[in-house]
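> Questions regarding the structure given below will be posed in turn.
The values are calculated or read from the model by the stated rules, or taken from the named source; none is laboratory data. Note that this is a predicted model, so its numbers are computed, not measured. Cβ coordinates were reconstructed from backbone atoms using ideal geometry, including for glycine residues, and neighbour counts include every protein chain displayed.
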Amino acid sequence: MAKRPVIPEPAAAEDADEEALLRDALKGVAPLRDSGKASLQRPPPAPIPVQTLREDVQVLHDSLSDQIPVEVGMETGEELVFLRNGLSNQILKKLRRGFWATQDHLDLHGLRTEEARTLLVSFLNEALIHGFRCVRIVHGKGLRSRNAEPVLKRKIGNWLGQRDEVLAFVQARAEDGGGGAVMVLLKAKGKKTVLRTEY
């Protein structure tokens, strides 16, 4: 009985054609001799988050101290008032009247001291990056704290005074939080700001 010729399937025919093309292209090419050396190629090192490390170091440098007393005035009882030396009292008047629009705010009331300190540092750094001039910090009135004293309020006044980019701050107007918040005026973007690095 005669055998039927085997008709290659289309895919097998294409593979045979590709192999023939490859053999034709490699005519005269000799394989490299085996040198007997082991391949010591190492995998690339994991990427190092350099910017994150820099930011972490900066946060440590910018950490604010409770040990450095800053002269923060207490006008009309418990009102926080601060003006950088050499600046005009007109700045305080303008800040009280809302001359500068509030560009951002941070609510810290109810937080523990360390949480508030860390958030304040990050917030001020972000405000500088964005070129904000006037921001509001809500610290609360301390009504629920031990002895109903505004502990966080006093600390925030001290911390803000340690930052060279803070020009002034005053108690917020009633509609902006009154005795539970401060309005903070920052240096204009482009003016040299030296961040305090040792406390």
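> In this structure, is Arg54 at pLDDT below 80 and either assigned to a helix (DSSP H, G or I) or more than 30 Å from Asp164 (Cβ to Cβ) (or both)?
In short, yes.
> Quick one: how many residues across segment 1-38 are surrounded by 10 or more Cβ atoms within 10 Å (Cβ to Cβ), modelled with pLDDT of 75 or more and in a loop (DSSP other than H, G, I, E, B)?
1
> Within segment 85-110, how many residues are more than 18 Å from Val135 (Cβ to Cβ) and among the basic types (Lys, Arg)?
Going through segment 85-110 one residue at a time, the tally reaches 1.
> Here is a further query. From Lys93, Lys153, grab the single residue that is assigned to a helix (DSSP H, G or I), out of contact with any helix residue (DSSP H, G or I) (no Cβ under 7 Å at 6 or more places or on another chain) and at pLDDT 90 or above.
Within the list Lys93, Lys153, the selection yields Lys93.
> Is there a residue in segment 116-132 that is assigned to a loop (DSSP other than H, G, I, E, B) and closer than 16 Å to Val184 by Cα?
Yes.
> At pLDDT 85 or above and at positive phi, is that true of Gly77?
For Gly77, the condition - at pLDDT 85 or above and at positive phi - is not met.
> Taking the conditions exactly as written (under 20 Å from Arg163 (Cα atoms) and touching a residue at least 24 places away in the same chain (Cβ under 8 Å)), does Glu114 satisfy them or not?
Judged against the criteria, Glu114 is not a match.
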